[in-house]
Amino acid sequence: MSKPAASSSRRHPEPTPDPRVLRCVRQAVMAGLALVVVWPAARGHSEWIGWLPLWLVGMPLSAWWALYRFRLPARWRNRQAAPRRRGPQARRARRPVRARWSQVA
């Protein structure tokens with residue numbers, strides 16, 4: 001008896017975000033990026049909210065990534081893990097018993 005060839009991702013397709021929300025977030029990222037590139041004051045710091053590029057570019061980008069449920073790019077997902085080393089675990093060298101007792105006294 002053989003296993004089915006279909007992968008689990010085909011049986012359970014990952015849901016895609018709502019296109020309307022995705023479009024709004026994408027527009028926020030582009031608008032924030034344009035502001036940071038074109039307007040020098042947008043690269044600065046605000047007393048109320050802190051570093052402006054974080055809020056204009058970084059947070060919309062993280063929201064965009066969150067819409068896709070924090071999936072990694074396909075290149076990273078398909079990468080093979082490095083083989084684990086098999087062998088004895090390193091041990092700390094122990095000093096002779098007499099040397100330890102001579103330091104205490």
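Every number here is computed from the coordinates shown, using simple stated rules; none is lab data. All of these numbers come straight from a predicted model, not from anything done at the bench. No Cβ is skipped: glycine too gets one built from the backbone with ideal geometry, and neighbour counts run over all protein chains shown.
Annotations for the structure displayed:
- Separation of the W51 and A66 label points, Cα + 7 Å toward Cβ, nm: 1.9
- Cα-projected label distance for N78 with C24, points at 7 Å along beta-carbon direction, nm: 3.4
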